[in-house]
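Derivation of every value follows stated rules applied to the coordinates shown; laboratory data play no part. Note that the structure is predicted; figures quoted are calculated from it, not measured. Backbone-built Cβ (ideal geometry, glycine too); neighbour counts: all protein chains shown.
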Amino acid sequence: MNKYQRTRDALLDAIYYREWQIGQALPTEPQLMVRFSVGRNTLREVIRSLTTEGIVEVIQGSGTYLRRMPGSAQATNLHQPLLPALPMLPLEDIGEVLILRRALEVQAAELAALHRSEEDMAHILHKAQVHYQACKTGSCTELLDTDLEFHRSIVEATHSKILIQLYQMIEKRIRDTIRPFLHLAYSAKGGFLHQALLDAIEQQNAERAVQVTREHFDYLFAYLAKQSAAPIIKGR
């Protein structure tokens, strides 16, 4: 998948999942460039295509405004969400699964940092590299699968049979909670947090691994809260 298509898909998904309402201005061009880690020319090409399709309108000196939802009868390109074959969980359910996922993954990050072997670390680094490549050139399905495999490799490095079994039991729901945040994998902060977690586990710094994992979930909850009209229960 080239940069244009990747950026277009990510932007359309953000629109589809109601990050902005009809009539609302999208973030500025520099903000979108940072968010999607893309250059000005590619972003402008994406915006031009969405303008042609009637999804957004660029008003000179004012901004870019959302005019129609993807897939509406007025839009010429009937965009579908990423991975349309998978049902999308309600936002409230995603929040509940995230609470459970955070509890498991914070503990997993700590134990992996304490107990990982050199073989475990090599496996985690390999999964991280595969995910990084998927962010650059892979399909949306590959991006989802490789992110799940990366997090699974950290859980496996804990050598805790119970924790691994618990993770496997809810892995399908974990996959569902990764899906709405796929575009965040392209963001500078998303990349930074993944790398910081890798560094902490490699350095066997359990305290830092816990801190980064909590920050990662704070990032996800903050994004989720923007999408929901009802308050999202985050737990602690």
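Using a simple spin-label model with pseudo-atoms 7 Å out from Cα toward Cβ, Ile59 and His115 lie 5.8 nm apart. For the residue pairs Lys161/Lys226; Lys3/Lys189; Lys127/Lys189; Lys172/Lys226, the C-alpha atoms sit more than 26 angstrom apart in Lys161/Lys226. For the stretch 91-227, taking Cα atoms only, Rg and Dmax work out to 13.7, 40 Å respectively.
Between Leu100 and Glu29, the simple spin-label model (points 7 angstrom out along Cα→Cβ) gives 4.6 nm.
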